[in-house]
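Down below is the structure, laid out as structure tokens.
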Amino acid sequence: MGSKSCSESTLERMEKEYSEWQEEYRKALKKMPERLNRFSTVSDLEVRPLYTPLDIKDMDFFEDIGFPGMFPYTRGVQGSMYRARLWTMRMFAGLGTAEDTNRRFHYLIDHGETGLSTAFDFPTLMGYDTDSQLARGECGKCGVAIDTLEDMERLFHNINLEQVTTSMTINPPASIIWAMYIANAENRGFSRKMLGGTIQNDCLKEFIAQKTLMLPPEPSLRLVTDTVEFGTREVPRWNTISISGYHIREAGSTAVQELAFTVYDGITYVEEGIKRGLDVDDFAGRLSFFWNSHVDFFEEIAKMRAGRRLWARIMRDRFKAKNPRSMLMRFHTQTAGCSLTAQEPYNNIIRTTTEALAAILGGTQSLHTNSLDEVYMIPSEEAVLIALRTQQILAEECGVTHVIDPLAGSYFVEALTNKMEEEAAEYIRKLDELGGMVAAIERDYPQMEIADAAYHFQQQVESGEKVIIGVNKYPSERPDLEFVLRIDDSLERGQIERLVRFREKRDKVKLQKAMDELRRRCEGPPCWENNVMPALIDAVRAGATEQECCDLYREVFGTYSDPGSF
Amino acid sequence: MEKDRKLRILIAKPGLDGHDRGARVIARAFRDAGFEVVYTGCHQTPEQIVSTAIQEDVDMVGLSILSGAHTYSFPRIMELLRENRAEDITVIGGGIFPLEDIPKLKDVGIKEIFEPGAKLQDIIGWVRENVKPREAVSL
Amino acid sequence: MGIIDQILAGEVRATARLLRDIDDQVSSSQTILRELYPYTGKAYVVGFTGSPGVGKSTLVDQLALRYRKEGKTVGILAVDPTSPFSGGAILGDRIRMQRHFLDSGVFIRSLATRGHFGGLTRSTNDMINVLDAMGKDVILVETVGVGQDEVEIAQSAHTTIVVTIPGMGDEIQAIKAGIMEIGSIFVVNKADREGSRKTVREIRNLVELGMRRREESNGWEPLIVETEAVKGRGIEDLFQGIEKHRDYLLANDRGQLDDVLQKRARNQLMEALRDEALKTIVGRLESRGVLIDDLVRKVVDKESDPYSVVQQVLAEELR
């Protein structure tokens, strides 16, 4: 590695023997040709049959690889990694009512889960109360319905919010849901200074991929920055954004696109924080990331390693961060939902296992493993237990956590890591040229890149070039699983009744006053005095529902729909 | 100078989920198969979908949904089509459905359900086989 | 109720189906169009042209809302390109017009170019007539927006709006090269972006230059309006601008409305004549067993040339 470790004569000999081997390879192929016309990753990145020190001869150990917990953090964000503390086992959970989800939380904790992660239903994600006309038929289907502070209380009943860290997957209404979380914690006597967790709060990837669209990009960024500012001052242990590649990948991007667009979203959030007048070192350390771990084993490990190095360099060179913590790409990982198949669902256990292993070897800080039935529905208890056990077995039985970044120095993994970083850097240059992420989104640039990749992949599946076992190879019918969960439509009625009762007992004058203050802040220029968070905490305490706050946002800031070009 | 009539298809996503990967892939595939595809994006109510289908005079509506809210939206769409005397428009669904729901959806008039893993070519083939442009209006 | 009465009563399903027949060039639709023609001429037609991404659909959406506030009913025709490879198309302009989906006073139709150049479809003028006959007060037409030759709209619309955004130098060149002459109103959309004032200045210069050049100035000086369509800003100005242009046309003191109507009628007449003549001649040839392919062969083999073939055919068939 590097001219430092390889002398000229060694290199010469290596090149000579490499061409000799190539000759051998050609000869062997004459007897038995290659199995495939082209060997490529799931993202269609072509890979060669063999990698050698020649592929990484320009690398510098200290500059490019180094030691864990040290710049450029290729090998991990902590010096001790999993020898001291395993990643947080954080299963994404949310179903039906707040009570149903609370029960699931306790079930997971009882079986060894170490962090909570909340899935909200679609009305909650889109900022509508359960009784909205637009919410018909959605209540509790894909997560838990949270309309009010009371729902939030029931959701975290009997859970010590200073001891557990809670992740909440919520985007446009993130500020409101976070305000409910803080208000509930304080009502129960916990200190906001001690609360730990994450709100996803990544509006940019919604425009790019997941399309949970509510407000236009500019006010969306303002609200995100309000939460960053509030967190920096008031809730110092909270991760205020989980900058997410996961959904970009699920929408069909390549690994490089996931890496590049996500890192560029991160750049945008840092720029916004600086514009607000914050010191980069005061808030950058609370930004966290969220990767998808797809089925292509080495590509994922390389992506995660490259991500850490790329982010550290960007924070040091582009933003002149001084605090090492600002340079750390800490991340959560979820195995790829889009790699699961409805056919032969038990195979999903195997896919999830290799994807989880890639996340572990990639150095993740927390992990959700998909359940085998997650392709149909929110997971059942039976299936979620297997998924949690998958993590526990990988963590404690098979020894992969004993050694830090064990794949470092692999010619292939290092070369692939370099490739990921280079190609992502190319996208970053392109996005700079386009005038930043918001301008690119308005031009549909990232959306189109992803749609092209998704269509390309689908065509490769149709032609058989990419294999999915049970689907396009050894095809099989979808079985009738006994334990698939069903969320009953009748739940909606109960939730609406609760909501109506809740609205009736509010102090109307107090509520109006709180909402007026929230409006005043929204209409004012973005700054600490107009930060929405304190007003939101008061508003939800006064009984404001999620939709009431979102309607105010929509009124003041306007709405947004997808440009939808093809 | 009459030509073969072109199939017109509406691809719509009812409900609040924004996962439009499937809808976008199928819209492209239909375009590449020579169909005219009206695409209205995510978050459509049944009322909006039916109104669009009628104004655009489509031969088929393809509904893509992943949230589980099909138990409400699919029957509602069929009901609205009947109310508007537009039940001649073929409706198909794509996405994730509990197995026991599939016969129920067919009972309310959804012609076909395509599940994860369905091949684009098979879907296009089904459309060519089962959906014919409607007759011209006469004086 | 027959189809004519249904259309005149504003029945949506019947109208939508007739539009389809027109687009597919079903011959029976011509008979219906003929019957409807006496009922046309009441609607005011506004055209929108400009490159993709400048926000035409959003402007149309906002203007439709504004007209609805006046109590006017609105028809919208939005054109997207047909893929030259497959003949298929994805029509996505409606995405930005969702708030009107449930308003019975708004009828939206997406159209594919189907190989037609010039910004509209072959069927657009006929469709305008149908929407007119069904009782829409205002018809907003959005062109496909890909070329500098999108001048067709000016022959269909009373008021033609050319839309651009700041910082598109090429755009100004395009306006200079082709569509300068057709704009009754120029809109600089996304006016919150850097360079908006500069774009306005550049257009103003072009407008002044154009006014000087116009041989017989008909007295209308094109307006320039800045908008931020997404936020609804500038829409009132645009609306008032269209009203102003409408007043100017309706005054007809210099025959300006006659000009518009004549242009449109001439265009439609010539198009219909071309279509019919071609259809008739090809029909006659075929009935005599002469195939176009055979004539093509002759030209390819240099047995004859296109000019002589045409002379011959016309001499034979138009005797």
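Throughout, read-outs are computed from the coordinates displayed, never taken from laboratory work. Predicted model, so just to flag it, every value in this text is computed and none were measured. Backbone-built Cβ (ideal geometry, glycine too); neighbour counts: all protein chains shown.
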If the chain between A:ARG85 and A:ASP488 were fully stretched, how many nm would it gain, using 0.36 nm times the residue separation less the Cα-Cα distance? 141.1 nm
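When all alpha-carbon pairs of the range A:74-463 are counted, what percent fall beyond 35 Å?
Working: 15009 of 75855 pairs.
So the portion of pairs separated by more than 35 Å is 20 percent.
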In whole Å, what three semi-axes, largest first, describe the equivalent ellipsoid of the protein assembly as shown built from its Cα gyration tensor (square root of 5 times each eigenvalue)? 52, 36, 30
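Using Cα-Cα distances under 8 Å and only pairs 6 or more residues apart, what relative contact order does the range B:8-130 have, in percent? Each step should come with its number before you reach the end.
On the way: 189 pairs, mean separation 32.5, N = 123.
About 26 percent, as a whole number.
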One finds, for C:LEU318 and C:ARG34 with R0 = 30 angstrom and r their Cβ-Cβ distance, a FRET efficiency to the nearest 0.05 of 0.80
Once you place label points 7 Å from the Cα toward the Cβ at C:GLU236 and C:SER287, how far apart are they in nm? 6.3 nm
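What's the Kirkwood radius of the range A:14-114 in Å, using all Cα pairs?
On the way: mean 1/r = 0.0516 Å⁻¹.
That comes to 19.4 Å for the range A:14-114.
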Using the basic label-point model (7 angstrom from Cα toward the beta carbon), what is the A:TRP528 to A:LYS27 distance in nanometres? 7.5 nm
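So what is the diffusion coefficient of the range A:386-451 in µm² per second by Stokes-Einstein at 4 °C and 1.567 mPa s, using a Kirkwood Rh over Cα pairs?
Values: Rh = 15.5 Å.
For these conditions, the coefficient is 84 µm²/s.
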Over its alpha-carbon atoms, the range A:503-557 yields an Rg and a Dmax in Å of 10.8, 34
Convex hull per residue volume in Å³, alpha carbons only, for the range A:96-244: 105 Å³
Tail weight of P(r) past 20 Å, computed on alpha-carbon pairs of chain B, percent: 42 percent
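Output the pairs from C:LYS190/C:LYS244; A:LYS320/A:LYS430; B:LYS13/B:LYS111; C:LYS56/C:LYS231; C:LYS42/C:LYS136 with a Cα-Cα distance over 19 Å in this structure; if there are none, say none. Show your work: numbers first, answer last.
Working: C:LYS190/C:LYS244 23 Å; A:LYS320/A:LYS430 22 Å; B:LYS13/B:LYS111 17 Å; C:LYS56/C:LYS231 14 Å; C:LYS42/C:LYS136 8 Å.
Pairs exceeding 19 Å: C:LYS190/C:LYS244; A:LYS320/A:LYS430.
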Compute the semi-axes of the equivalent ellipsoid of the range A:476-542, taking the square root of 5 times each eigenvalue of the Cα gyration tensor, and list them largest first in whole Å. 41, 21, 8
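Report the per residue volume, in Å³, of the convex hull enclosing the C-alpha atoms of the range C:269-317.
Working: hull volume 3.8 nm³, N = 49.
Given the Cα convex hull of the range C:269-317, per-residue volume reads 78 Å³.
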Over the range C:39-251 - Rg/Rh using Cα atoms and the Kirkwood inverse-distance radius: 0.94
Once Lys and Arg are counted +1 and Asp and Glu -1 for all other residues with Cβ under 13 Å from that of A:TYR82, the total becomes +1
Note the angle between two axes, namely the Cα long axis of helix A:546-557 and the longest principal axis of the Cα atoms of chain A, as a number of degrees from 0 to 90, rounded to the nearest 10. 80 degrees
Percent antiparallel among DSSP beta bridges with both residues in the protein assembly as shown, to the nearest 5? 0 percent
Please list, short to long, the whole-number percent of alpha-carbon pairs of the range A:421-464 in consecutive 10 angstrom bins beginning at zero. 27, 40, 26, 8
Taking chain A as the reference, fit the longest principal axis to its C-alpha atoms, fit the long axis of helix A:411-433 to the helix C-alpha atoms, and give the angle between the two in degrees, 0 to 90, nearest 10. 50 degrees
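Can you give the translational diffusion coefficient of the range A:368-480 in µm²/s, computed by Stokes-Einstein from the Kirkwood radius over Cα pairs at 37 °C and 0.692 mPa s? Could you put the intermediate results ahead of the total?
Working: Rh = 18.8 Å.
For these conditions, the coefficient is 175 µm²/s.
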With only Lys, Arg, Asp and Glu charged, each at its Cβ (+1 for the first two, -1 for the last two), find how big the charge dipole of the range B:8-130 is about the Cα centre; round to the nearest 20 debye. 280 debye
Crossing angle, helix A:217-234 versus chain A [Cα axis fit, 0-90 degrees, rounded to tens]: 80 degrees
Quickly work out the C:ASP137-to-A:GLU8 label distance, labels modelled 7 Å from Cα along the C-beta direction, and quote it in nm with one decimal. 8.7 nm
